[in-house]
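Worksheet: the structure to be examined is printed underneath.
The values are calculated or read from the model by the stated rules, or taken from the named source; none is laboratory data. Values in this document were obtained by computation on a predicted structure and should not be read as measured data. Here the Cβ positions follow ideal geometry from the backbone for every residue, glycine too, while neighbour counts run over all protein chains shown.
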Amino acid sequence: MDSKERVNLALRRQVPDRVPFDLSYGFVGEAQATFERMSGSRNHFDYFGTDVEYYELLEPVKNFDYAGAYYSGRLPVDKEYHFDRYGVLHEHAEGVHFTKMIPPLLEHQHTVVDVQKFPMPDYRDEDLYRQAAKVIADIDSRGRASALAMGGETIFEVSWPLYGIEEFLIMLLTEVELCNAVFDRWVDCRLWQLETYAKHGRYDILWLGDDIANQHSMLLPPDLWRATLKPRMKTIIEAAKHFQPDGLVFYHTDGKATEVIEDLIEIGVDILNPVQPECVDPAEYKQAYGDRLSFWGTIGIQHTLPFGTPEDVREEVKTRIETVGDGGGLLVGPSHVIEPEVPWENVLALVEAVREFGGY
């Protein structure tokens with residue numbers, strides 16, 4: 001059984017030959033340098049033989065003078081910065097991959113016209129989708145399952161940076177029409193992307209999601225999420241299943257979003273990621289939702305991988321396979337990127353434990 005068959009069986013809650021695995025988004029910063037030094041490789045998918053490989057379709061940066069139009073008098077002084085493809089300014093800060101985000105619309109008038117005028121990335125270039133289809137076809141030809149992300153997160157996480165997270169959460173309570181106008185621009189974008197990609201290729205898994213929760217609860221009240229984001233995500237998922245009925249829909253949210261798991265199932269989510277064990281009990285999720293939902297991740301990146309011993313890692317992987325992996329429905333791996341604090345020995349322990357305990 002190759003990886004493609006293994007992943008598709010497991011994530012359809014059937015029993016393959018063994019539990020499939022991946023390494024989340026891979027290594028970041030110095031962790032990538034450590035991986036390359038220890039492995040002699042630059043490709044963690046191939047080196048570790050992961051069962052799935054991703055491709056993120058990133059829209060090019062729009063050729064627009066964001067500095068002059070939206071950041072007059074607000075550019076950082078004596079600090080490095082850059083504009084992302086969405087027109088948000090990032091001031092470089094200490095750390096591996098974090099920046100200080102400076103919202104473009106925060107100091108502008110709050111009107112729907114402002115939202116509609118704000119320059120979007122140039123995502124309507126069909127060559128982007130032809131190239132994505134070629135990459136996905138190559139992954140498929142090597143017997144590995146393919147996961148396609150349409151670029152960044154789906155709706156919420158590409159909306160709030162225009163105003164900043166605190167301001168946007170307030171606006172959701174006080175100016176919901178404006179927030180919905182931001183959301184709708186992204187829904188239109190995602191629908192166009194799905195239709196265009198369908199002309200050129202197919203994938204095993206569509207990667208959707210937004211971080212809608214923190215470590216303890218939702219970022220916004222569940223009823224507000226249901227009134228604003230849920231119907232829009234439902235529209236996107238329905239379109240995805242229209243254009244590719246056999247494709248699985250993956251939904252990512254960090255944190256504890258327990259209040260809306262049933263809603264996610266209702267709108268067509270097949271796979272939940274990353275199921276952070278620091279926030280929720282993956283075994284309880286399996287018991288409550290495992291007949292309707294599969295799980296991807298579950299290995300702690302906040303405690304076990306960076307600060308545990310190799311034996312701790314082995315035990316956590318073993319536990320997840322015995323509980324969440326029972327009867328299929330699990331793709332095991334870290335719950336986020338592998339940071340520099342993660343010892344190389346713990347990465348090896350994770351992969352070796354999957355091979356040792358993952359057989360059915």
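For the structure I just gave you, tell me whether Tyr55 is over 19 Å from Ile301 (Cα atoms) and either among the β-branched types (Val, Ile, Thr) or not in a helix (DSSP H, G or I) (or both).
So Tyr55 fits the description; yes.
Please specify each residue of the stretch 194-208 satisfying the condition of being surrounded by 16 or more Cβ atoms within 10 Å (Cβ to Cβ) and either basic (Lys, Arg) or modelled with pLDDT under 95 (or both).
Matches in the stretch 194-208: Arg202 only.
Starting from the stretch 105-130, take each residue that is closer than 12 Å to Pro60 by Cα and list its partners that are of a type in the set (Val, Ile, Thr) and not in a helix (DSSP H, G or I), counting only C-beta distances under 8 angstrom and pairs at least six apart or across chains.
From the stretch 105-130, the pairs are Pro121/Val61.
Given the criterion at pLDDT 90 or above, small (Gly, Ala, Ser) and more than 27 Å from Ser39 (Cβ to Cβ), identify the matching residue among Gly49, Gly68.
Values: Gly49 fails: more than 27 Å from Ser39 (Cβ to Cβ).
Being at pLDDT 90 or above, small (Gly, Ala, Ser) and more than 27 Å from Ser39 (Cβ to Cβ) holds for just one of Gly49, Gly68, which is Gly68.
If you check Glu284 against the conditions, is it part of a helix (DSSP H, G or I) and touching a helix residue (DSSP H, G or I) at 6+ places or on another chain (Cβ under 7 Å)?
Details: part of a helix (DSSP H, G or I): yes; touching a helix residue (DSSP H, G or I) at 6+ places or on another chain (Cβ under 7 Å): no.
Against the criterion (part of a helix (DSSP H, G or I) and touching a helix residue (DSSP H, G or I) at 6+ places or on another chain (Cβ under 7 Å)), Glu284 does not qualify.
Among the numbered conditions (1) farther than 24 Å from Arg190 by Cβ; (2) outside any strand (DSSP E or B), tell me where Lys100 comes up short.
(2)
Which members of the stretch 136-167 meet the condition of being assigned to a helix (DSSP H, G or I) and buried (at least 18 other Cβ atoms within 10 Å of the Cβ)?
Ile136, Ile139, Phe156, Val158, Trp160, Pro161, Leu162, listed by residue number.
Which of the following residues is without any contact (Cβ under 8 Å) to a residue 24 or more places away in the chain, part of a loop (DSSP other than H, G, I, E, B), closer than 26 Å to Ile299 by Cα and not hydrophobic (A, V, I, L, M, F, W, C): Arg42, Arg37?
Among Arg42, Arg37, only Arg42 is without any contact (Cβ under 8 Å) to a residue 24 or more places away in the chain, part of a loop (DSSP other than H, G, I, E, B), closer than 26 Å to Ile299 by Cα and not hydrophobic (A, V, I, L, M, F, W, C).
Scan the stretch 15-34 residue by residue and report those that are outside any strand (DSSP E or B) and within 26 Å of Glu153 (Cβ to Cβ). Reasoning before the result, please.
Residues of the stretch 15-34 that are outside any strand (DSSP E or B), as a first pass: 15-17, 19-20, 22-26, 28-34.
Within the stretch 15-34, Pro20, Asp22, Leu23, Ser24, Tyr25, Gly26, Val28, Gly29, Glu30, Ala31, Gln32 qualify.
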